[in-house]
Amino acid sequence: MKTIKQVILIILYISVLFLPLSFANDYMKWDLPEGAKLRIGKGEVSNLTYSPDGTRLIVECDNGIWTYDAQTGVELSFISTYDRDILGVSPNGEMFVTVDIENRYHIRSMEDDSLISEIQGDTTHRRTAVISPDGNIFAAGIGKTIVLWDIVSGEKITTLTGHTGSVDSLAFSPDGNTLASGNWHDTVRLWDVATATQKKVLTNHRNSISKVIFSPDGSKVASISSNQNRVNILDVISDRNHPIQLEENISEIAFSPDGSTIAIGNRYGRLYLLNVDTREHITDFFGHKKESVYTIVFSPDGTKLASGSSDSLFTWDANSGERIFSIKGHTTGIRAVAFSPVRDILATGSLYQINLWNTSSTERVGHFYVNDWYNLFSGLVFSPDGNILASQDGRETHIWDVNLQTHLAILTGNGGENLTSSAFFVGLDYSPDGQFLAGGYEYNTAVHIWYVGRTHIDAFIGHTAGVTSVKFSPDGRILASGSNDQTVRIWDVSTGYNISTFKGHTDRVHCVDFNHDGSILASCGKDNSIFFWDMSSEDSRVIHSAHRDEVRKIAFSKEGKYIVSCGGWDDSSVKVWYVNTGELVRTLKGHGYSVLDVVFSADGQTFASGSMDGTVLLWDYNSILDTKDIQEKSREDVNSDGVVDLQDLIYIAIQFGKTGTENSADINNDGVVNIEDLLLVAAALEGVNNAPRKFVDSNSILNPTKLQQWLTQSQMLPNKTSKQQKGIAVLESIILMLAPENTMLLPNYPNPANPETWIPYQLKIPSNVTIRIYTANGELVRIIEVGLQPAGIYHSRSRAAYWDGKNEYGERVASGNYFYTLSSGQFIATRKLLIRK
């Protein structure tokens with residue numbers, strides 16, 4: 001028989017279990033900026049405060065202030081502060097201080113964000129700020145001085161001088177009569193608030209003061225220094241210092257309400273309690289990973305403890321050390337963002353950890369713990385099938401299984417010159433068919449290529465400084481790379497040849513991206529510009545952006561008409577540009593700190609911005625832009641994907657000869673899909689340059705033989721219209737692009753073979769193709785009769801010649817060096833092949 005108390009506890013447990021789920025979709029929509037539809041992540045925790053009655057836990061982040069039920073962890077409210085900096089919450093939890101974009105101090109209500117007081121003062125050099133316990137005085141450390149204002153009137157009370165370095169920390173005594181300050185030059189000073197005079201100077205620190213606090217009765221002042229392993233505890237009455245010497249660097253401290261205990265957090269995730277008088281160890285709290293404990297606070301009754309670090313927020317039983325609950329969603333700054341191409345999954349890279357989020361519910365559905373791998377400025381990219389995630393942490397490339405959420409491999413590669421760069425920028429991209437993974441590092445001059453994300457097969461050499469970005473063209477045939485040498489290079493993926501070098505940037509190149517059909521390459525960089533390069537003529541246009549200092553990342557919209565950019569450090573905005581004119585269309589604001597990455601979803605309807613405030617905003621593309629011109633479907637867009645391209649030509653070919661009145665391929669509505677419809681699509685093709693080979697490799701319908709048949713039919717049409725004549729000219733130009741300039745035998749892949757391999761080639765004219773495999777001493781091992789092949793590109797697995805590593809008798813050949821030849825008419829070529837089992 002359950003008691004009433006037990007029943008109440010069960011009901012409370014159920015409410016805790018289900019309430020957060022019911023809020024999950026709501027709180028991520030609270031206070032969203034215009035154009036954003038969801039917020040992923042709640043921001044990195046910077047400070048914690050309990051309300052005086054202990055019922056609310058107030059969490060300060062770069063993007064705003066969250067308030068939680070202290071008993072259940074359920075979200076109660078959120079105040080967004082993306083357009084203003086948070087300086088702190090008052091001790092009574094009723095007010096908070098911000099600095100707005102016009103550099104004014106605002107004292108605001110925690111209840112409804114209403115303005116209580118506006119204070120004019122120097123905000124440029126402010127380092128720290130605090131409100132007195134009674135809520136009447138606001139103090140700010142401004143350079144080497146401390147300025148006090150009356151909150152009610154907004155008038156300045158006094159300026160305290162004496163520090164010889166910048167004031168980095170402030171704390172009022174519980175009665176509000178004394179102010180403690182710590183500065184950059186190793187001293188703590190105590191000030192009489194009423195008389196504005198200095199009471200004491202403490203000089204027993206060995207580094208800048210990162211924190212000063214009073215004990216609850218005001219009899220002691222505790223302080224810690226940056227990167228030091230000692231807590232100094234000063235007896236205010238006797239002036240005696242009682243240092244606690246520890247073995248690790250201290251990041252945070254907090255007194256218990258009775259002053260008998262001090263909580264200590266270090267830079268490696270350890271959190272524990274010590275007796276203030278005896279230094280006796282009381283208990284440990286286990287849960288923070290190897291990351292600094294930023295903030296600690298006791299509940300008013302001393303029974304609970306809350307702590308926050310870069311990726312976690314916990315509440316604990318202060319007596320037993322057991323975790324009561326964790327509040328999910330708070331993460332450290334977002335360095336990289338990637339959409340899964342096949343599922344509603346978004347990956348975010350942050351310090352030590354990669355998180356996976358459901359983009360519909362905004363719930364975190366998985367994570368990869370990077371442990372000691374420092375994931376600063378990481379790059380992220382999904383494989384085309386969405387099963388593999390590749391990440392870069394500055395100096396290494398990691399491969400992860402998305403479904404099992406396990407680490408698979410660390411990729412290494414040789415080639416290029418290693419530099420002394422700090423490797424802040426990295427580049428990573430999968431080829432569209434998933435065969436290759438390309439990577440670049442700021443500390444190395446080479447572009448590295450791995451086969452199927454595992455075997456290092458090549459290093460493209462040419463850049464004279466670190467490589468910061470890589471991007472495959474939509475057809476996968478070429479690769480673009482950006483570098484600190486201020487150039488963008490274009491590489492032939494199959495040969496590794498440096499086809500072109502684009503020069504125009506006057507500083508480091510940060511990012512490169514192709515538009516939807518590969519006809520335009522965009523690049524951005526430290527020179528605060530975006531270049532658009534025509535891939536046919538190599539001509540360029542430039543946007544001198546309105547970002548604060550640089551353009552860090554760019555991403556084309558799916559149809560290629562717009563490009564989105566972010567500016568990096570000290571720039572919390574996202575900008576949208578019209579590609580044809582370079583016009584700035586929109587400036588989007590919603591983040592509280594630097595935006596370091598932007599990326600579009602696979603369907604092009606959403607783009608994400610990842611910020612150092614610990615959040616990702618998902619923006620609704622169609623609501624942000626006037627996209628009527630994109631959404632109005634032309635008749636030539638027969639597959640309804642928003643753009644007229646070679647896919648529409650293929651769709652017409654598939655429907656060729658079909659009759660009926662409701663077929664979208666019957667563009668001229670004559671009841672049959674024929675050559676006239678095909679020419680209308682050809683005439684309307686957008687950006688056909690550089691795209692045809694992609695479809696030759698993946699679809700046999702579009703090949704030179706078929707195109708020639710269409711041209712023959714076209715020539716038989718009487719009284720050709722101007723559109724039909726244009727369509728014929730487009731088909732002729734496609735044939736020229738599809739036919740290679742030379743017949744070539746290309747490097748096999750993978751190489752080394754283990755033991756199977758594919759042998760790519762290309763034919764200038766139709767030819768009978770024969771592949772022969774030889775041992776190193778010239779003994780014939782295998783003849784592969786491919787047969788008569790039309791002119792074209794034979795690079796992909798579905799078109800290249802295949803060797804299973806067996807001889808003419810079906811036996812596996814031994815490991816070692818081999819040679820293979822291609823015979824095609826008068827053309828004979830030879831290449832080396834290595835088998836390794």
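The values are calculated or read from the model by the stated rules, or taken from the named source; none is laboratory data. Note that this is a predicted model, so its numbers are computed, not measured. No Cβ is skipped: glycine too gets one built from the backbone with ideal geometry, and neighbour counts run over all protein chains shown. Accessible surface areas use protein heavy atoms only, side chains included; no ligands, DNA or RNA. Shrake-Rupley method; radii C 1.70, N 1.55, O 1.52, S 1.80 Å.
Could you tell me which residue of region 75-85 is most open to solvent (accessible area, probe 1.4 Å), considering only residues that are among the acidic types (Asp, Glu) and assigned to a strand (DSSP E or B)?
Looking only at region 75-85, we keep the residues that are among the acidic types (Asp, Glu), and these are 75, 83, 85.
This time we only want the ones that are assigned to a strand (DSSP E or B), so: 75, 85.
On the way: 75: 11, 85: 70 Å².
Among them, the one singled out is 85.
In region 55-66, what residues are among the polar types (S, T, N, Q) and open to solvent by 10 Å² or more (accessible area, probe 1.4 Å)? Explain how you work it out, then say what you get.
First, the residues of region 55-66 that are among the polar types (S, T, N, Q): 55, 63.
Residue satisfying the conditions is 55 alone.
Can you say whether residue 742 is without any contact (Cβ under 8 Å) to a residue 40 or more places away in the chain and either crowded, with 16+ Cβ neighbours inside 10 Å or under 45 Å from the mean Cα position of the chain (by Cα) (or both), as far as the supplied structure shows?
yes
Just to be sure I understand, how many residues within region 777-803 are outside any strand (DSSP E or B) and surrounded by 12 or more Cβ atoms within 10 Å (Cβ to Cβ)?
8
Of the residues 434, 453, only one is at pLDDT below 85, at positive phi and either of a type in the set (Ser, Thr, Tyr) or more than 18 Å from the chain's Cα centre (by Cα) (or both); which? Lay out the reasoning, then the answer.
Numbers: 434 fails: at pLDDT below 85.
Just one listed residue meets the conditions, 453.
Suppose the filter is over 30 Å from residue 621 (Cβ atoms), modelled with pLDDT of 90 or more, among the charged types (D, E, K, R) and buried (at least 21 other Cβ atoms within 10 Å of the Cβ); does residue 94 pass it?
no
Restricting region 332-354 to residues that are within 13 Å of the chain's Cα centre (by Cα) and not in a strand (DSSP E or B), which is modelled with the highest pLDDT?
This residue is 340.
Considering 468, 501, which residue is open to solvent by 40 Å² or more (accessible area, probe 1.4 Å), β-branched (Val, Ile, Thr) and part of a strand (DSSP E or B)?
None of the other options fit; the residue is 501.
Out of region 570-592, which residues are in contact with a strand residue (DSSP E or B) (Cβ under 8 Å, 6 or more places away or on another chain), part of a loop (DSSP other than H, G, I, E, B) and without any contact (Cβ under 8 Å) to a residue 60 or more places away in the chain?
Selection gives 571, 582, 583.
Residue-wise test of (1) touching a residue at least 12 places away in the same chain (Cβ under 8 Å); (2) under 18 Å from residue 324 (Cα atoms); (3) in a strand (DSSP E or B); (4) open to solvent by less than 20 Å² (accessible area, probe 1.4 Å).
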residue	(1), (2), (3), (4)
232	yes, no, yes, yes
253	yes, no, yes, yes
274	yes, no, yes, yes
279	yes, no, no, no
283	yes, yes, yes, yes
291	yes, no, no, yes
297	yes, yes, yes, no
305	yes, yes, yes, yes
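Go through (1) free of Cβ contacts under 8 Å to residues at least 24 places away in the same chain; (2) closer than 25 Å to residue 152 by Cα; (3) hydroxyl-bearing (Ser, Thr, Tyr) for residue 105 and report which single condition fails.
It fails just one condition, (1).
Among the residues of region 605-619, how many are closer than 17 Å to residue 565 by Cβ and either open to solvent by 10 Å² or more (accessible area, probe 1.4 Å) or in contact with a Gly (Cβ under 9 Å, 6 or more places away or on another chain) (or both)?
Matching residues across region 605-619 total 8.
Of the conditions (1) part of a strand (DSSP E or B); (2) in contact with a Ser or Thr (Cβ under 7 Å, 6 or more places away or on another chain), residue 758 fails just one. Which one is it?
(2)
Has region 508-526 got any residue that is under 14 Å from residue 429 (Cβ atoms), in a strand (DSSP E or B), charged (D, E, K, R) and modelled with pLDDT of 95 or more?
Taking every residue of region 508-526 in turn, at least one turns out to be under 14 Å from residue 429 (Cβ atoms), in a strand (DSSP E or B), charged (D, E, K, R) and modelled with pLDDT of 95 or more.
Given 88, 43, which one is in contact with a strand residue (DSSP E or B) (Cβ under 8 Å, 6 or more places away or on another chain), closer than 19 Å to residue 307 by Cβ and not in a strand (DSSP E or B)? First the steps, then the outcome.
Values: 88 fails: not in a strand (DSSP E or B).
The unique qualifying residue is 43.
Quick check on region 807-826: of everything there that is open to solvent by 60 Å² or more (accessible area, probe 1.4 Å) and not in a loop (DSSP other than H, G, I, E, B), which residue is nearest to residue 783 (Cα to Cα)?
Only one residue fits best here, namely 819.
Going by the structure shown, is residue 116 open to solvent by 40 Å² or more (accessible area, probe 1.4 Å) and either assigned to a strand (DSSP E or B) or out of contact with any Phe, Trp or Tyr (no Cβ under 6 Å at 6 or more places or on another chain) (or both)?
Considered against the rule, which asks whether it is open to solvent by 40 Å² or more (accessible area, probe 1.4 Å) and either assigned to a strand (DSSP E or B) or out of contact with any Phe, Trp or Tyr (no Cβ under 6 Å at 6 or more places or on another chain) (or both), residue 116 comes out as yes.
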